[in-house]
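Structure, as structure tokens:
Here, each number is a calculation from the coordinates, and none is a lab measurement. Since the structure is predicted, the reported quantities are computational estimates derived from the model, not experimental observations. Quick reminder, even Gly has a Cβ in these numbers, built from the backbone with ideal geometry, and neighbours come from all protein chains shown.
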């Protein structure tokens with residue numbers, strides 16, 4: 001018990017929560033916009049994998065982690081295009097298409113990885129951090145929160161930016177209307193399909209960024225199936241956040257802490273079976289859904305295709 005209260009354990013736990021939580025945060029924020037617009041995007045896991053592979057391949061080839069992030073965002077957005085065409089425009093079942101995208105990208109990235117890296121497993125160099133003066137010297141919190149790669153700070157800034165977008169702009173109003181009253185939005189002259197398309201592409205972009213961060217910063221390497229369900233946790237975070245970006249951040253850090261327990265326990269010298277730690281995030285998801293699932297506030301038209309003139 002004493003080992004769990006030591007500074008190295010607490011610092012490692014908090015630092016690991018941030019590293020593991022950033023992909024969840026980005027995926028959850030992306031899914032939140034999609035759900036606001038009425039599209040249940042369960043293909044987000046595949047979008048994360050697409051972004052992870054594209055981001056890692058670009059970073060290892062170019063030597064630039066920022067180009068890797070850009071490629072990851074483009075890769076995730078590209079995977080979102082079939083979701084737009086088949087679900088938003090053609091009105092096919094969103095859950096079926098989303099699961100199909102995830103399974104397809106799991107197989108595709110595994111094959112591409114085998115072709116590209118069948119004999120070697122290249123690893124990116126440790127990323128440089130940007131310590132914030134004074135704040136990075138705070139015990140426990142400083143090294144974990146204020147001595148990170150600049151992308152981490154940008155990811156945190158997305159939370160207030162999206163909160164302002166949802167509450168203080170016309171586009172935020174259009175998103176809510178597309179998810180709750182799409183016919184009413186259509187009557188005002190705003191294109192429901194276009195609004196949902198932007199939301200789904202944004203979801204893919206954010207999921208791709210999350211995958212690229214996971215590969216380039218979190219692991220420094222790409223391996224098949226490396227998301228391990230992060231995309232589905234992002235869906236849960238978006239559903240439970242009740243439209244609030246700050247709630248997605250809080251949930252991402254909680255689940256990120258669960259994912260980082262293995263490393264933290266090793267530093268503390270506590271012997272806990274790895275399988276137990278790997279099971280913990282998903283057990284936490286089930287507990288959270290049981291306790292808070294009834295309080296989730298979802299758009300009325302979530303998962304329903306919109307066809308002009310139909311009621």
If one compares the long axis through the Cα atoms of helix 7-36 with the longest principal axis of the Cα atoms of the chain, the angle in degrees, nearest 10, works out at 10
Rounded to the nearest 10, the angle in degrees between the Cα long axis of helix 44-62 and the longest principal axis of the Cα atoms of the chain comes to 60
Packing-based exposure ordering (other Cβ within 10 Å, fewest first) of 53, 121:
121, 53
Using Cα springs under 10 Å in a Gaussian network model of the chain, which residue among 35, 128, 106 shows the largest mean-square fluctuation?
128
For the chain, what is the mean residue ellipticity at 222 nm derived from helices alone (per DSSP H run of n ≥ 4: -39500 (n - 2.57); sum divided by total residues; nearest 500 deg cm²/dmol)?
-22000 deg cm²/dmol
Most fluctuating residue given options 99, 290, 164, as computed from a GNM of the chain linking Cα atoms under 10 Å:
290
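First measure r as the distance between the Cβ atoms of residue 130 and residue 242, then evaluate 1/(1 + (r/R0)^6) with R0 = 22 Å and state the FRET efficiency to the nearest 0.05.
Values: r = 33 Å, r/R0 = 1.50.
Computed FRET efficiency for residue 130 and residue 242 comes out at 0.10.
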Counting alpha carbon pairs within less than 8 Å and at least 6 residues apart, what relative contact order, in whole percent, applies to the chain?
40
Taking the number of other C-beta atoms within 10 Å as the exposure measure, put 140, 22 in order starting with the fewest.
140, 22
Cβ-Cβ FRET estimate between residue 184 and residue 164, R0 fixed at 35 Å, reported to 0.05:
0.90
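Between residue 286 and residue 96, 0.36 nm times their residue separation minus their Cα-Cα distance comes to what? Walk me through the numbers before you get to the answer.
Working: separation 190, 0.36 × 190 = 68.40 nm, distance 2.21 nm.
Stretched fully, the residue 286-residue 96 segment lengthens by 66.2 nm.
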Could you state the number of Å between the C-alpha centres of the range 13-40 and the range 205-236?
10
Fewest Cβ neighbours within 10 Å first, please rank 83, 226, 253, 279 accordingly.
279, 253, 226, 83
For the chain, longest principal axis from Cα atoms; helix 150-168 axis from its Cα atoms; angle between them, nearest 10 degrees, is 30
Mind telling me which of 56, 255, 156 comes out most flexible in a GNM of the chain, alpha-carbon contacts under 10 Å?
156
